[in-house]
Amino acid sequence: MTLYGIKNCDTVKKSRAWFAARGVQMPFHDLRRDGLDDPRVRRWLAALGATRLVNRSGTTWRALTAEQQTIPDDDTLIALLRAQPALIRRPVVELGDRITVGFVPDAWIGMLEANA
């Protein structure tokens with residue numbers, strides 16, 4: 001199980017605290033510092049869809065030009081997400097082939113129980 005996010009994001013901090021309070025050692029992957037590869041972003045996109053994965057309410061999205069916000073295909077979106085990781089809704093939590101996005105404790109409980 002790995003938690004992906006940005007270190008100073010409030011939702012990521014809240015999520016990390018939630019796991020720590022339950023004694024779960026959660027490896028953390030900082031999207032800005034550690035980066036992302038195409039296969040991982042492609043897997044997230046396939047599992048979650050662009051609507052759930054892309055944070056269109058943040059300042060990073062609003063700072064994009066109208067042309068940049070018009071995303072014609074997955075390859076363009078993946079390149080944009082890798083270049084601007086703050087565009088990814090956070091946190092992303094992976095456990096095997098299960099992937100969640102956002103603060104979703106009920107889903108995490110199910111993932112932890114299934115992994116026990």
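The values are calculated or read from the model by the stated rules, or taken from the named source; none is laboratory data. Computed from a predicted structure; not experimentally measured. So basically every Cβ, Gly included, is an ideal-geometry build from the backbone, and we count neighbours across all protein chains shown.
Looking only at residues that are under 15 Å from Leu45 (Cα atoms) and modelled with pLDDT under 95 in segment 95-104, which one is surrounded by the most Cβ atoms within 10 Å (Cβ to Cβ)?
The selected residue is Arg98.
State whether one or more residues within segment 82-89 are surrounded by fewer than 16 Cβ atoms within 10 Å (Cβ to Cβ) and either at pLDDT below 95 or of a type outside the set (Asp, Glu) (or both).
Yes, segment 82-89 has at least one match.
Which number in (1) charged (D, E, K, R); (2) under 17 Å from Lys13 (Cα atoms); (3) free of Cβ contacts under 8 Å to residues at least 12 places away in the same chain marks the one condition that Asp75 misses?
The one condition Asp75 does not meet is (2).
Scan segment 19-45 residue by residue and report those that are modelled with pLDDT of 95 or more, over 24 Å from Ala83 (Cβ atoms) and either surrounded by 16 or more Cβ atoms within 10 Å (Cβ to Cβ) or touching an Asp or Glu at 6+ places or on another chain (Cβ under 9 Å) (or both).
The answer is Phe19, and nothing else.
State which residue is surrounded by the fewest Cβ atoms within 10 Å (Cβ to Cβ) when the search covers only segment 47-73 and only residues that are within 13 Å of the chain's Cα centre (by Cα) and in a helix (DSSP H, G or I).
Thr51
Please count how many residues of segment 17-46 are in contact (Cβ under 8 Å) with a residue 24 or more places away in the chain and assigned to a helix (DSSP H, G or I).
Residues flagged as in contact (Cβ under 8 Å) with a residue 24 or more places away in the chain and assigned to a helix (DSSP H, G or I) within segment 17-46 amount to 11.
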